Amino acid sequence: MYAQMVKSEATQDDPDMLAAFQARVDAGEKIEPKDWMPAGYRKTLIRQIGQHAHSEIVGQLPEANWIARAPTLERKANLLAKVQDEAGHGLYLYCAVETLGVSRDELTEMLLDGRMKYSSIFNYPTLTWADMGAVGWLVDGAAIMNQVPLQRTSYGPYARSMVRICKEESFHQRQGFHVMMAMVKGSEAQKRMAQDALNRFWYPALMMFGPSDKDSVHSEQSMSWKIKMNTNDELRQKFVDETVPQAEYLGLTIPDEHMKWNEDTGHYDFTEPDWSEFFEVIQGNGPCNVDRIAARQKAWDDGAWVREAMVAHAEKKQSRKSAAE
Amino acid sequence: MNHLLEFLLRQGDNALVLGQRMSEWCGHGPALEEDIALANTALDLIGQTQLWLGYAAEVEGAGRDANDLAFMRDAYDFRNLLMLEVPNADFGRTLMRQFLFDAFQVPWLQALTDSADPRVAEIAAKSVKEAMYHLDRSTSTVIALGDGTAESNGFMQRALDYLWPYAAEVFAEDATDFAMAEVGVAPLPSSLRGQWKKTLQATLQEAHLTMPEGEFAHKGGRIGVRHTEHLGHLLATMQVLPRSYPDASW
């Protein structure tokens with residue numbers, strides 16, 4: 001769930017065209033890049049897929065933070081492969097946005113100057129090795145809740161990129177759970193790290209689904225366009241219901257004294273996250289917002305000469321080839 | 001001295017230290033495609049490390065495994081080339097180093113596929129496919145960046161000038177090299193020097209870069225006499241968890 005609070009654009013298109021478009025969506029047809037689409041649909045998708053892409057790229061940072069310190073060669077290789085997958089997800093998603101008429105460079109600039117957002121979760125720090133477990137287990141777990149239904153989303157390139165991404169994400173989640181398993185079976189210090197990681201990531205993970213439905217103003221249009229498939233609260237509940245037994249299996253305590261099974265609803269009751277913290281993070285006041293963007297900015301600035309040289313070389317090669325013909 | 005063990009540590013430590021350096025790029029590359037490619041190279045090298053150090057641990061016969069060798073040895077026991085431990089600095093130096101290494105590593109691993117030691121031959125056969133791909137990529141990147149703009153050419157020339165005094169360390173041979181050549185485990189590295197130089201000349205010329213004239217080469221990394229100051233920091237970071245929590249299993 002790397003897209004949060006994506007503002008759905010009102011649209012002022014021809015009513016007949018809109019009705020025909022809606023009929024296609026309702027019939028489960030995929031909308032392809034060259035098809036007519038409402039301006040609001042296009043804009044909302046650019047924002048949503050763009051935010052998702054940015055989240056993959058910024059999301060590399062908290063995990064890359066531990067590659068150099070991974071405790072075994074196997075763990076190092078697994079983590080490296082995982083973070084590399086995230087870069088790959090970013091790449092497919094930027095390509096999906098490009099089919100809507102915005103280039104990757106433009107999107108990057110919008111990320112760097114704050115016009116576009118990324119998921120709030122990546123503004124939290126990774127402090128111990130157990131965080132590599134918690135991020136995989138909880139963050140990738142939460143992401144899957146949202147992304148599995150998005151495989152059926154109405155926009156073809158987005159739906160197709162989601163198919164591959166979901167396969168990799170479920171692998172990452174298992175990998176994270178495996179790291180957690182080793183931690184809880186390990187020494188006292190490792191168990192402490194595991195519980196501490198859960199304590200720190202639990203509420204930020206719940207925030208990934210976005211604000212409560214009663215405060216979520218953008219859902220209706222996106223749901224009728226099949227850009228958003230479930231409400232925030234539905235997905236959050238599903239995540240809690242699936243995660244609580246996993247935490248029990250690990251012997252870890254979810255940091256919520258009100259968490260309990262509700263026979264009547266058939267779901268767990270749980271405490272909502274502190275939404276004021278969520279809005280602060282979204283506004284740029286999370287623990288790592290400034291450092292995350294600074295890291296992306298540095299990579300962008302330091303890489304400028306490389307990107308320019310690659311283009312210049314390709315052009316020279318082309319003109320040398322033309323001159324020879 | 002167990003020359004085979006020494007030889008295997010040299011192979012494994014090269015892969016480990018360069019893999020560790022390459023992995024530092026993950027999330028910070030100049031473009032997504034490069035980020036992915038750098039991580040790929042790092043992954044290949046970590047995989048090769050597991051094979052070389054795994055075999056080294058068996059040959060050592062002291063009940064250690066590849067992870068013990070990677071995480072519980074100190075700088076004075078590392079046997080990697082000095083060039084591989086110096087900091088990445090920038091993308092230019094990182095890719096130039098990769099190229100200088102790959103240009104030796106490809107013919108080296110090709111030769112090792114004929115090793116009298118079947119395990120060495122097996123590891124080399126797997127690794128050489130990866131190394132050939134690395135060489136392909138590092139060659140074309142060095143050419144692109146050397147040829148691209150005046151600025152990028154400057155980056156690449158500075159990288160080459162910095163790395164040059166380290167580049168030929170591998171050809172400073174010692175008793176282990178002679179012992180391995182004697183029993184047919186590996187050829188003498190110097191037997192590949194001509195081919196290495198030829199690869200460099202062709203690529204650097206196409207990249208509009210000037211090969212420095214000096215023949216001087218630092219040494220001490222692969223023979224374990226003297227590393228640079230950088231290795232201790234790399235190991236301090238890499239080894240922090242196993243050393244801080246020796247009773248943990250991860």
Q. Is region A:297-311 home to any residue that is under 20 Å from A:Tyr124 (Cα atoms) and in contact with a Phe, Trp or Tyr (Cβ under 7 Å, 6 or more places away or on another chain)?
A. no
Q.
Just checking, does region A:268-279 include any residue being in a loop (DSSP other than H, G, I, E, B) and either modelled with pLDDT under 95 or on the phi > 0 side of the Ramachandran plot (or both)?
A. no
Q: Scan region B:135-149 and report the pairs whose first residue is at the interface with chain A (Cβ under 9 Å from one of its Cβ atoms) and whose second residue is of a type in the set (S, T, N, Q) and crowded, with 22+ Cβ neighbours inside 10 Å, with Cβ atoms within less than 6 Å and a gap of 6+ or a chain change.
A: B:Leu145/B:Ser152
Q: Determine which member of the set A:Asp131, A:Asp140 is buried (at least 22 other Cβ atoms within 10 Å of the Cβ) and without any contact (Cβ under 8 Å) to a residue 60 or more places away in the chain.
A: A:Asp140
Q) If you check A:Ser224 against the conditions, is it of a type in the set (S, T, N, Q) and without any contact (Cβ under 8 Å) to a residue 12 or more places away in the chain? A) no
Q. Is there a residue being surrounded by fewer than 21 Cβ atoms within 10 Å (Cβ to Cβ), free of Cβ contacts under 8 Å to residues at least 40 places away in the same chain and at the interface with chain B (Cβ under 9 Å from one of its Cβ atoms) anywhere in region A:74-86?
A. yes
Q. Residue check, A:Glu280 against (1) away from chain B (no Cβ under 14 Å); (2) under 26 Å from the mean Cα position of the chain (by Cα); (3) in contact (Cβ under 8 Å) with a residue 12 or more places away in the chain, all met but one. Which one?
A. (3)
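Matching residues to (1) at pLDDT 95 or above; (2) under 20 Å from the mean Cα position of the chain (by Cα):
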| position | (1), (2) |
| --- | --- |
| B:Ala175 | yes, no |
| B:Ala207 | yes, no |
| B:Glu213 | no, no |
| B:Arg226 | yes, yes |
| B:Leu231 | yes, yes |
| B:Leu235 | yes, yes |
Q. So is A:Leu100 at pLDDT 95 or above, assigned to a helix (DSSP H, G or I) and buried (at least 17 other Cβ atoms within 10 Å of the Cβ) or not?
A. no
Q: Using the structure shown, decide if A:Lys167 is free of Cβ contacts under 8 Å to residues at least 40 places away in the same chain, surrounded by fewer than 20 Cβ atoms within 10 Å (Cβ to Cβ) and within 13 Å of another protein chain (Cβ to nearest Cβ).
A: no
Q: Exactly one condition in (1) within 14 Å of another protein chain (Cβ to nearest Cβ); (2) surrounded by 23 or more Cβ atoms within 10 Å (Cβ to Cβ); (3) not polar (S, T, N, Q) is not met by B:Phe99; state its number.
A: (1)
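Conditions (1) surrounded by 14 or more Cβ atoms within 10 Å (Cβ to Cβ); (2) not hydroxyl-bearing (Ser, Thr, Tyr); (3) not in a helix (DSSP H, G or I), marked per residue:
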{"position": "A:Ile227", "(1), (2), (3)": "yes, yes, yes"}
{"position": "A:Arg236", "(1), (2), (3)": "yes, yes, no"}
{"position": "A:Val240", "(1), (2), (3)": "yes, yes, no"}
{"position": "A:Thr243", "(1), (2), (3)": "yes, no, no"}
{"position": "A:Pro255", "(1), (2), (3)": "yes, yes, yes"}
Q. Under 7 Å by Cβ, and 6 or more places apart or on different chains, what pairs join a residue from region B:103-131 that is on the phi < 0 side of the Ramachandran plot with one that is in a helix (DSSP H, G or I) and surrounded by fewer than 18 Cβ atoms within 10 Å (Cβ to Cβ)?
A. B:Val106/B:Met132; B:Pro107/B:Gln195; B:Leu112/B:Ala121; B:Thr113/B:Ala121; B:Thr113/B:Ala125; B:Asp114/B:Ala121; B:Ser115/B:Ala121; B:Val128/B:Gln110
Q: Report those helices (runs of 4 or more DSSP H) wholly inside region B:63-112 carrying at least 2 residues which are among the basic types (Lys, Arg).
A: B:91-112
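Residues are listed down the side, and each one gets a yes or a no for (1) exposed (fewer than 13 other Cβ atoms within 10 Å of the Cβ); (2) among the basic types (Lys, Arg); (3) not in a helix (DSSP H, G or I):
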{"site": "A:Asp13", "(1), (2), (3)": "no, no, yes"}
{"site": "A:Asp16", "(1), (2), (3)": "yes, no, no"}
{"site": "A:Arg24", "(1), (2), (3)": "no, yes, no"}
{"site": "A:Gly28", "(1), (2), (3)": "yes, no, yes"}
{"site": "A:Gly40", "(1), (2), (3)": "no, no, no"}
{"site": "A:Thr44", "(1), (2), (3)": "no, no, no"}
{"site": "A:Arg47", "(1), (2), (3)": "no, yes, no"}
{"site": "A:Gly50", "(1), (2), (3)": "no, no, no"}
{"site": "A:His54", "(1), (2), (3)": "no, no, no"}
Q.
Given the criterion under 25 Å from B:Glu215 (Cα atoms) and of a type in the set (Asp, Glu), identify the matching residue among B:Asp102, B:Asp114, B:Asp147, B:Asp136.
A. B:Asp102
Q) Among the residues of region B:34-60, how many are under 13 Å from the mean Cα position of the chain (by Cα), at the interface with another protein chain (Cβ under 9 Å from one of its Cβ atoms) and either under 22 Å from A:Ser55 (Cβ atoms) or among the β-branched types (Val, Ile, Thr) (or both)? A) 2
**Q.** Positions within region B:17-33 being more than 7 Å from chain A (Cβ to nearest Cβ), in a helix (DSSP H, G or I) and either crowded, with 22+ Cβ neighbours inside 10 Å or in contact (Cβ under 8 Å) with a residue 40 or more places away in the chain (or both), in sequence order
**A.** B:Val17, B:Leu18, B:Gly19, B:Arg21, B:Met22
Q) If you check A:Met181, A:Met193, A:Met162, A:Met145, which single one turns out to be of a type outside the set (Asp, Glu), more than 18 Å from the chain's Cα centre (by Cα), buried (at least 17 other Cβ atoms within 10 Å of the Cβ) and assigned to a helix (DSSP H, G or I)? A) A:Met193
**Q.** Residues satisfying the stated conditions in region A:39-64, i.e. at the interface with chain B (Cβ under 10 Å from one of its Cβ atoms), closer than 16 Å to A:Asp140 by Cβ, of a type outside the set (Val, Ile, Thr) and touching a residue at least 24 places away in the same chain (Cβ under 8 Å)
**A.** A:Glu56, A:Gly59, A:Gln60, A:Leu61, A:Pro62, A:Glu63
Q) out of contact with any helix residue (DSSP H, G or I) (no Cβ under 6 Å at 6 or more places or on another chain) and of a type in the set (Gly, Ala, Ser), is that true of A:Gly136? A) no
Q | Of the criteria (1) closer than 30 Å to A:Gln283 by Cα; (2) at pLDDT 95 or above; (3) in contact with a helix residue (DSSP H, G or I) (Cβ under 7 Å, 6 or more places away or on another chain), which one A:Ala10 fails | A | (2)
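The values are calculated or read from the model by the stated rules, or taken from the named source; none is laboratory data. Keep in mind that this is a model prediction, so the values were computed, not measured. Virtual Cβ from ideal backbone geometry, glycine too; neighbours counted across all protein chains shown.
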